[in-house]
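Accompanying notes for the structure given below.
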Amino acid sequence: KTKAREERVVLVGFCEERITCVSFSVDGEFVMAIGQDTSHRFACYNWQTGVIIFSGMAGNSDLYMMTSIPAGFAVCGNKEIKVWEHAGLGSTCTTEKEGSRWMCGVAPLG
């Protein structure tokens, strides 16, 4: 017999439309969500407190998958890969844009 599960936390207030990707950090302390709006706004929350650690926009290309990496998150989409690190997740990066560092973008040549 399965016991009913209780909600532990509801994260609201950033993504304006449906969520297209979600991933927990490697240590399980943070969760990142990317919205389906045209700019693919994203937010990384401390899921236990509901506090947004960093946020930004992933751009307007289609996104298919997101995963956590040791100091951030990686997203793949239509012909590109984007990787973000953040000091709040253990990154030693010093350059910040909208609270996070966009480390690389890969697009096809030509």
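The values are calculated or read from the model by the stated rules, or taken from the named source; none is laboratory data. Keep in mind the model is a prediction, meaning the values are calculated, not measured. Note that we place each Cβ from the backbone using ideal geometry, even for glycine, and neighbour counts take in every protein chain shown. The protein model used for the area step is the full one, side chains on, heavy atoms only, and it has no ligands, DNA or RNA in it. Shrake-Rupley method; radii C 1.70, N 1.55, O 1.52, S 1.80 Å.
Confirm whether V75 is open to solvent by less than 20 Å² (accessible area, probe 1.4 Å), among the β-branched types (V, I, T) and at pLDDT 75 or above.
Numbers: open to solvent by less than 20 Å² (accessible area, probe 1.4 Å): yes; among the β-branched types (V, I, T): yes; at pLDDT 75 or above: yes.
When the stated conditions are applied, V75 passes them.
State which residue pairs qualify: first residue part of a loop (DSSP other than H, G, I, E, B) and inside region 60-73, second residue open to solvent by less than 20 Å² (accessible area, probe 1.4 Å) in any location, beta carbons under 6 Å apart, and separation of 6 or more residues or different chains.
Close Cβ pairs satisfying both conditions: S61/G77; D62/G77; A71/S91.
Give me a count of the residues in region 24-41 that are surrounded by fewer than 20 Cβ atoms within 10 Å (Cβ to Cβ), in a strand (DSSP E or B) and touching a residue at least 40 places away in the same chain (Cβ under 8 Å).
1
Have a look at C44, C15, C21 and point out the one that is surrounded by 10 or more Cβ atoms within 10 Å (Cβ to Cβ) and touching a Leu at 6+ places or on another chain (Cβ under 7 Å).
Values: C44 fails: touching a Leu at 6+ places or on another chain (Cβ under 7 Å); C15 fails: touching a Leu at 6+ places or on another chain (Cβ under 7 Å).
None of the other options fit; the residue is C21.
Considering only residues that are of a type in the set (G, A, S) and either under 9 Å from the mean Cα position of the chain (by Cα) or over 18 Å from D27 (Cβ atoms) (or both), which ones fall in region 41-59?
So the first thing to find is which residues in region 41-59 are of a type in the set (G, A, S), and the list is 43, 50, 55-56, 58-59.
Of everything in region 41-59, those that are of a type in the set (G, A, S) and either under 9 Å from the mean Cα position of the chain (by Cα) or over 18 Å from D27 (Cβ atoms) (or both) turn out to be A43, S55, G56, A58, G59.
Would you check if G56 is outside any loop (DSSP other than H, G, I, E, B), closer than 27 Å to R8 by Cβ and modelled with pLDDT of 70 or more?
On the way: outside any loop (DSSP other than H, G, I, E, B): yes; closer than 27 Å to R8 by Cβ: yes; modelled with pLDDT of 70 or more: yes.
So G56 fits the description; yes.
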